[in-house]
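Student: The structure follows.
The values are calculated or read from the model by the stated rules, or taken from the named source; none is laboratory data. On a predicted model such as this, the values are computed, not experimentally measured, just so you know. Every residue, glycine among them, receives a Cβ derived from its backbone with ideal geometry; neighbour counts consider all protein chains shown. The accessibility values were calculated without ligands, DNA or RNA, using every heavy atom of the protein model including side chains. Shrake-Rupley method; radii C 1.70, N 1.55, O 1.52, S 1.80 Å.
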Amino acid sequence: MSNEIRLVTGELPPDALRRRVDPASLPFETTADVPPGRGTIGQPRAIDAITFGLEIRATGYNIYVSGQPGSGRETSIIDMLAEFAPRMPTPDDWAYVHNFEDSDRPTAIRLPAGRGTTLAADMQRFVADAQREIPRAFDSEDYARRQRNALSAVGQRRDQLFEELQQFAATNSFTIQMTPTGIATIPVANDQPLSNEAYAQLPEDERKAIDERGQLVQEQLGSTMRKARELDREAGERVSELNREVALFAIGPLLDELRERYHDYREVLHFIDQVQEDVLTHYAEFRPAEQQQSADPAQQVQAARRVEFAARYNVNVLIDNGGTHGAPVVSERNPSYYNLIGRMEYRSLFGSMVTDFREIKPGALHRANGGFLVLHITDILRQPFAWDALKRALVGKEIRIEHMGEQTSMVPTATLRPEPIPLDIKVILIGTSLLYQTLYATDEEFAELFKVKAEFAPDMQWDDQNTTDYVAFISRQIRDNGLRHFDRSAVARVLEYSARLREDQRKLSTRMQDIANVITEASYWAGNAGHEIVTVDDVAQAILQKIHRANLIEERVQERLIDGTIDVETDGSRVGQINGLSVISIGDYTFGQPSRISARVALGSGDIDSIEREINQSGPSHGKGFLILSGYLRGQYGKKAPLAIRATITFEQSYNGVDGDSASSTELYALLSAIGEIPLRQDIAVTGSVDQYGTVQAVGGVTDKIEGFFKVCQARGLTGQQGVIVPATNVPSLMLFPEVVEAVEAGQFHIWAVQSIDEGIELLTGLPAGEMDADGNYPPESVHGKVAARLEEYAMQAQAFSAQRQAASPDGHGEPTPAPLDTKSQAL
């Protein structure tokens with residue numbers, strides 16, 4: 001299939017208006033004969049860039065995939081990752097456990113893939129075994145015997161202390177008695193306790209002697225009590241040590257088994273050591289099951305508290321890669337702050353909200369760690385703090401889970417601060433080229449973090465190889481979605497539609513989603529028509545129905561053009577008036593609309609005004625085109641005399657903003673007509689920009705513009721004289737609908753291609769443009785001759801007017817000097 005397009009000028013033949021595909025040139029009968037294609041087609045530059053970005057492991061070589069929506073960016077990335085990721089090593093598991101030294105800072109543990117869930121199960125089993133074995137050990141006869149023995153020796157020594165105290169008291173004529181308020185020392189006389197009354201009746205020297213002995217007994221009592229407390233502490237320590245020994249006897253084998261199983265993992269061994277010490281410290285929290293199942297509400301609360309306490313030995317498996325083969329691939333379409341970096345949730349406990357290491361939940365960065373994270377840049381930029389959080393993680397190479405409130409609050413809050421997890425990830429952003437340029441220019445970290453740009457082109461060359469790939473793509477869509485197969489005439493129509501989407505006879509569109517939609521809808525319409533195989537008519541029906549669903553506004557505009565509400569003439573001739581062409585875009589649909597452009601000229605000083613520009617209704621591109629138009633006039637006609645005119649040009653009945661320079665040639669034609677008073681054909685519409693030398697340049701949307709004017713002419717009745725003038729450089733852009741091509745073939749409509757203003761003005765006026773002779777003059781009956789003559793007349797009129805005004809002034813040098821105001825007027 002040839003890719004050469006012959007550039008022509010003058011009236012275009014039908015074969016220049018649309019590139020056709022001969023179905024007989026396709027080497028198959030239906031797509032059932034075509035193997036389905038895999039992978040991305042027509043994007044070698046982007047695929048090479050993505051491959052490079054996936055394979056290089058250096059810091060900052062994350063990937064930004066740019067291109068228009070529907071170009072297959074995300075599908076291509078997912079397909080490539082599906083092949084690339086399984087060849088990479090599977091990343092480790094990550095888990096959080098209780099930090100026994102600082103409970104507000106849960107500890108992160110790294111384990112090989114699949115071992116995280118194993119550790120969690122082992123720790124759950126350990127807790128269950130410990131809750132069974134510890135009570136069993138404390139309920140044993142051996143424990144009771146050892147406890148009695150430990151307490152018996154201390155008890156004997158305590159009894160001996162008090163016996164010695166009694167003896168000392170008796171030696172000093174005192175007795176020791178236990179009272180409800182404590183231990184009392186009471187003097188004794190004749191083996192009987194001495195009452196207070198009897199004590200008061202004793203001589204003073206006897207009372208003094210009793211007091212002295214009592215002081216000795218009190219000192220001895222204090223010493224004895226101190227020794228007794230030491231014995232009590234010793235008894236407690238013996239019991240505590242015994243309890244630790246018993247508890248360790250109960251759990252030691254369980255923990256040794258865990259140590260043996262995880263002997264290669266230092267972090268796990270450290271955690272097991274901490275668990276052992278904590279269990280031995282809190283062995284009293286382990287109670288028999290029957291006590292935990294008591295019907296007493298208080299005991300139920302106590303049992304629930306013990307269950308909550310035992311949960312501190314559990315393992316929160318944050319990421320389990322046990323079922324992952326190769327590197328993980330995560331596509332996150334809601335990349336909020338917490339969905340990216342993870343979060344800490346809360347649960348209700350005894351009427352309050354609490355959190356701990358078990359409530360730590362992973363984010364997309366955790367799930368993709370060691371692999372690939374696919375994000376849409378528009379999704380993440382819409383989320384508060386998410387973009388900064390992503391950059392912070394990539395720069396720091398760690399995932400730090402923090403509450404969003406900490407980013408804005410001026411008052412620190414008490415919360416968990418989980419240990420950060422090291423990050424090794426490749427982030428792939430999907431977005432438009434405009435967003436890439438904006439981020440590159442405004443975000444200094446962006447260029448350092450996303451060093452690989454993979455740009456999806458809007459089109460591919462329409463050559464034999466890409467045609468083959470396109471047909472394979474169509475076959476894949478049909479098979480993957482269970483659609484009816486296409487015959488080769490239908491495939492040819494899809495190829496032509498693809499070129500129309502791109503507005504280029506040399507290119508095929510890469511808007512693969514739009515192509516897939518047409519394939520799906522053509523299969524539907526084939527079913528409605530009872531066709532087993534999709535034909536060219538079914539594809540045409542799908543395209544027409546797609547337009548019908550979206551072109552309500554176009555139809556309303558066409559109605560107003562046809563009934564004259566919007567004034568556009570399609571026959572006759574007018575001075576200073578011409579039909580311009582514009583494109584209106586409404587979301588997923590664009591259409592062409594003719595507009596009446598008018599120009600008026602009067603004496604002036606060379607000013608050419610755009611009414612739209614004067615009222616700020618035009619954009620900078622339109623303003624540039626207008627200045628270029630002014631430059632052309634000065635260069636073409638202002639060499640011998642100044643431009644003594646003032647002209648105004650406007651889009652009549654246009655109330656929306658205008659931009660672009662595609663009407664600059666049209667405006668120039670209207671201006672030349674108004675200056676030279678030369679009628680312009682109204683059955684011709686014009687598009688094209690112009691440079692200062694009068695060269696007509698390519699514009700966008702030329703196919704839609706031609707069809708917009710054609711529809712108006714068709715509705716009013718084709719005369720065989722109507723047509724459109726387009727830039728010659730736009731000829732390869734033409735992919736007109738078959739009905740327009742058919743009208744041209746029948747001689748009912750015409751399309752001319754021009755390279756210069758001279759060629760266009762001759763078509764519009766029927767007069768020769770005229771060439772400048774050696775003296776700088778144009779033929780008088782040519783367009784340029786008439787324009788130059790009128791400009792000369794304007795210059796002479798301006799000169800005469802200026803001389804007349806100068807002569808009328810009192811001093812002979814300018815305008816008449818106004819009479820001075822009287823004092824009252826000046827004051828006012």
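Student: Give the long-range amide H neighbours of residue 595: residues separated by 5 or more places, or on another chain, with amide H under 5 Å away, using H modelled in the peptide plane at 1.01 Å from N.
Tutor: Amide H neighbours of residue 595, under 5 Å, 5+ apart: 580, 581, 582.
Student: Below 8 Å between Cα atoms, with a sequence gap of 6+, how large is the relative contact order for the chain in percent?
Tutor: 16 percent
Student: Run the dipole for the stretch 333-487 about the Cα centre, Lys and Arg Cβ at +1, Asp and Glu Cβ at -1, nothing else charged, and hand back the magnitude in debye, nearest 20.
Tutor: Around 620 debye, computed over the stretch 333-487.
Student: Once you have a ≥ b ≥ c as the square roots of the Cα gyration tensor eigenvalues for the stretch 494-555, tell me rounded if a/c is under 1.5, and otherwise prolate or oblate according to whether a/b is larger than b/c.
Tutor: oblate
Student: Sequence-distant or interchain residues sharing an amide H contact under 5 Å with residue 374, placed H: which?
Tutor: 330, 331, 332, 428
Student: Which values of log₁₀ I(q)/I(0), to two decimal places, follow from the Debye formula for the stretch 94-200 at q = 0.10 Å⁻¹ with a uniform point scatterer at every Cα?
Tutor: Listed by q, the Debye log ratios stand at -0.65.
Student: Kindly provide the pair-distance distribution of the chain built from C-alpha pairs, with 10 Å bins from 0 and whole-percent values in order of increasing distance.
Tutor: Each 10 Å bin holds this share of Cα pairs: 2, 9, 12, 12, 12, 11, 9, 8, 6, 5, 4, 3, 3, 2, 1, 0, 0.
Student: Counting only helical runs of four or more DSSP H residues, what would the 222 nm mean residue ellipticity of the chain come to if each run contributes -39,500 (n - 2.57) and the total is spread over all its residues?
Tutor: Result for the chain, helices only: -15000 deg cm²/dmol.
Student: Assuming R0 = 22 Å, can you tell me the calculated FRET efficiency for the pair residue 585 and residue 457, based on Cβ-Cβ distance, to the nearest 0.05?
Tutor: Here the calculated transfer efficiency is 0.55.
Student: Round to a whole number: what % of the accessible area of the stretch 354-401 belongs to carbon and sulfur, probe 1.4 Å?
Tutor: Here carbon and sulfur together make up 50 percent of the probe-accessible area.
Student: If the reach is capped at under 17 angstrom between alpha carbons, list the lysines near residue 546, excluding any in the same chain fewer than eight residues apart.
Tutor: Within reach: none.
Student: Within the stretch 108-131, list the residues whose amide N lies under 18 Å from a label point set 7 Å along Cα→Cβ of residue 273.
Tutor: Under 18 Å, as judged by backbone N against the label point of residue 273, lie 108-110 of the stretch 108-131.
Student: Using a Förster distance of 30 angstrom, determine the FRET efficiency expected from the C-beta separation of residue 177 and residue 284, and round it to 0.05.
Tutor: Efficiency for this residue pair is about 0.25.
Student: Right, something else. Residue 237 versus residue 801, label points 7 Å from Cα toward the beta carbon: distance in nm?
Tutor: About 11.9 nm separates the two model spin labels.
Student: If you don't mind, another one. Using a probe radius of 1.4 Å on heavy atoms only, what accessible surface per residue do you get for the chain? Whole Å² is fine.
Tutor: Result: 49 Å² of accessible area for each residue.
Student: Give me the one-decimal nm value for the distance between modelled label points at residue 333 and residue 520, 7 Å along each residue's Cα-to-Cβ direction.
Tutor: Here the answer is 1.2 nm between the modelled labels.
Student: Could you please state how large a percent of the accessible area of the stretch 1-120 is carbon and sulfur, counting protein chains only and using a 1.4 Å probe?
Tutor: Values: 3010 of 5920 Å².
It is 51 percent, rounded to a whole number.
Student: For the stretch 366-382, take each phi angle, set θ = phi - 60°, evaluate the Karplus expression 6.51 cos²θ - 1.76 cosθ + 1.60, and give the result in whole Hz per residue in order, putting x for glycine and proline.
Tutor: Residue by residue, the stretch 366-382 yields 5, 5, 9, 4, x, x, 9, 10, 9, 10, 9, 4, 5, 5, 6, 5, 6 Hz.
Student: Mind ranking 366, 325, 270, 403 by accessible surface for me, highest first, 1.4 Å probe?
Tutor: The ranking, largest first, comes out as 325, 270, 403, 366.
Student: With r as the distance between the Cβ atoms of residue 443 and residue 574 and R0 = 60 Å, compute the FRET efficiency 1/(1 + (r/R0)^6) and round to 0.05.
Tutor: Rounded to the nearest 0.05, the efficiency is 0.65.
Student: Put +1 on the Cβ of each Lys and Arg and -1 on the Cβ of each Asp and Glu in the stretch 486-590; which of 543, 573, 510 then has its Cα farthest toward the positive end of the dipole?
Tutor: 510
Student: What part of the accessible area of the stretch 148-220, given as a whole %, is carbon or sulfur when the probe is 1.4 angstrom? Numbers along the way, then the final one.
Tutor: On the way: 2420 of 5120 Å².
The C+S portion of the solvent-accessible surface of the stretch 148-220 is 47 percent.
Student: About its Cα centre, how strong a charge dipole does the stretch 304-393 have in debye, to the nearest 20, once Lys and Arg get +1 and Asp and Glu get -1 at the Cβ?
Tutor: 180 debye
Student: A follow-up question, please. How are the Cα pair distances of the stretch 205-354 distributed, in percent, across 5 Å bins from 0?
Tutor: It works out to 2, 6, 8, 10, 11, 11, 11, 9, 7, 6, 4, 4, 3, 2, 2, 1, 1, 1, 1, 0, 0, in whole percents.
Student: Note down the magnitude of the dipole of the stretch 18-172 about its Cα centre, charges +1 on Lys and Arg C-beta and -1 on Asp and Glu C-beta and zero elsewhere, to the nearest 20 debye.
Tutor: Numbers: 19 positive and 22 negative charges, 95 e Å.
Dipole of the stretch 18-172, to the nearest 20 debye: 460 debye.
Student: Run the quick spin-label model on residue 157 and residue 560: label points 7 Å from Cα toward the beta carbon, then report their separation in nm to one decimal.
Tutor: Computed distance between label sites residue 157 and residue 560 equals 10.8 nm.
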